[in-house]
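Each remark here refers to the structure printed beneath this line.
The values are calculated or read from the model by the stated rules, or taken from the named source; none is laboratory data. Keep in mind the model is a prediction, meaning the values are calculated, not measured. For accessibility, only protein heavy atoms count, side chains too; no ligands or nucleic acids. Shrake-Rupley method; radii C 1.70, N 1.55, O 1.52, S 1.80 Å.
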Amino acid sequence: MKLNKLKKELLASIKDACQDPADVVRSPGKDFIRNRKLPLFEIIRCIVAMGGSSLKHELLDTLGYSPDVASSSAFIQQRTKLKPEALKKVMDSFNT
């Protein structure tokens with residue numbers, strides 16, 4: 001029960017960070033404005049949830065085993081659009 005509560009709080013922290021993308025993306029108004037397989041919320045959620053496997057296995061575990069899961073290259077390209085402060089903002093929000 002406690003794990004479900006922690007997971008909900010972490011996801012809420014990620015959603016809060018995504019509410020104002022200008023604080024977490026390198027080019028506000030340009031990055032993460034189109035509909036993609038990996039929107040801002042999913043990129044941050046994947047990064048937080050990753051373990052020690054290969055990137056492809058982590059993406060499959062996190063996003064599901066579907067034929068239309070984004071490629072590792074797509075993930076890396078989307079990840080480069082994030083500021084390093086994005087994860088700090090999520091973790092600071094989660095820790096409070």
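Quick notes
- Residue 89 - accessible surface, heavy atoms, 1.4 Å probe, Å² rounded to 10: 70 Å²
- Carbon plus sulfur fraction of accessible area for the chain, probe 1.4 Å, in percent: 54 percent
- Taking all protein chains together and a 1.4 Å probe, the residues 42, 58, 85 rank 85, 42, 58 from largest to smallest accessible area.
- Per residue, the chain exposes an accessible area of 67 Å² to a 1.4 Å probe, with every protein chain left in place.
- Cα-derived Rg to Rh of segment 1-49, Kirkwood definition: 1.04
- Mean Cα-pair separation over length for segment 11-59, i.e. relative contact order, pairs under 8 Å, 6 or more apart, %: 30 percent
- Mean projected area (nm²) of the alpha-carbon convex hull when the chain is viewed from all directions: 6.6 nm²
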